[in-house]
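Mind looking over this structure? Questions follow.
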Amino acid sequence: MDSMVITVTDAALRKGAMEGTDAFLQVFIDKYLEVTGGVLNADTMPLLNGYQHTLLGYHFFREEVNEGGFVQLIQNGYGPYIFGNPFAKAMRLMGAKEFSKLIYAAQEIYIDHRKDLERECTDEEFMAMYEQYEVFDDLEEKFMDMEEQITAQIAEYVDQHLEQFALVV
């Protein structure tokens, strides 16, 4: 099954671009969330192409890590989506080389502790994971420091390769 043609309006893109990088990228992300119903599963995965998944992956990564770090990202079920796909490689190809290295570093931790990090747990056990996996702290701080630059790099890539992310109508 081929990915479907995702369309965004030129007007929405212009408005987003005027509001800044976040708003520009959000035009695409909102469309992907609409198409997938905000759910990633066997039925919705084929609806997006690799580029679209990469941008949506960045959206989830950023949202989850900014709110609750890698532990939250993984506990909320995004571990396989980020670490089980060529997300880090795609980030490198989009120009976010330092971010790609950060993803690979987090991926190593994830792979080594996947079973524990993904297990069902109580709120107390979830909070305890933050102490247990302090190894993520430096990576989270690095991400916070480079987030604006990464977002700008991704937005620039999307702008230069619009046809990969949506059909502009």
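Got at least one residue in the stretch 106-121 being open to solvent by 60 Å² or more (accessible area, probe 1.4 Å), within 30 Å of Gly20 (Cα to Cα) and assigned to a helix (DSSP H, G or I)?
The initial filter retains those residues of the stretch 106-121 that are open to solvent by 60 Å² or more (accessible area, probe 1.4 Å), namely 108, 111-115, 118-120.
Now restrict to residues that are within 30 Å of Gly20 (Cα to Cα): none.
Checking the stretch 106-121: not a single residue is open to solvent by 60 Å² or more (accessible area, probe 1.4 Å), within 30 Å of Gly20 (Cα to Cα) and assigned to a helix (DSSP H, G or I).
Output the number of the condition that Phe143 fails; it satisfies all remaining conditions of (1) without any contact (Cβ under 8 Å) to a residue 60 or more places away in the chain; (2) buried (at least 20 other Cβ atoms within 10 Å of the Cβ); (3) out of contact with any Phe, Trp or Tyr (no Cβ under 6 Å at 6 or more places or on another chain); (4) among the hydrophobic types (A, V, I, L, M, F, W, C).
(1)
Scan (1) closer than 29 Å to Gln26 by Cβ; (2) not in a helix (DSSP H, G or I) for the single condition Ala152 breaks and write down its number.
(2)
Among the listed residues Ala42, Ala96, Ala17, Ala90, identify the single one that is open to solvent by 50 Å² or more (accessible area, probe 1.4 Å), within 18 Å of Gln160 (Cβ to Cβ) and among the small types (Gly, Ala, Ser).
Of the residues listed, the single one that is open to solvent by 50 Å² or more (accessible area, probe 1.4 Å), within 18 Å of Gln160 (Cβ to Cβ) and among the small types (Gly, Ala, Ser) is Ala17.
Residue by residue through the stretch 85-116, note down the ones that are in contact with a Ser or Thr (Cβ under 6 Å, 6 or more places away or on another chain) and free of Cβ contacts under 8 Å to residues at least 24 places away in the same chain. Write out each step before concluding.
Within the stretch 85-116, the subset in contact with a Ser or Thr (Cβ under 6 Å, 6 or more places away or on another chain) is 88, 90-92.
Result: Ala88, Arg92.
The values are calculated or read from the model by the stated rules, or taken from the named source; none is laboratory data. Remember, predicted model here, so these are calculated numbers, not experimental data. Using ideal geometry, Cβ is built from the backbone for each residue, glycine included, and neighbour counts are taken over all protein chains shown. Heavy atoms of the whole protein, side chains included, go into the accessibility calculation; ligands, DNA and RNA do not. Shrake-Rupley method; radii C 1.70, N 1.55, O 1.52, S 1.80 Å.
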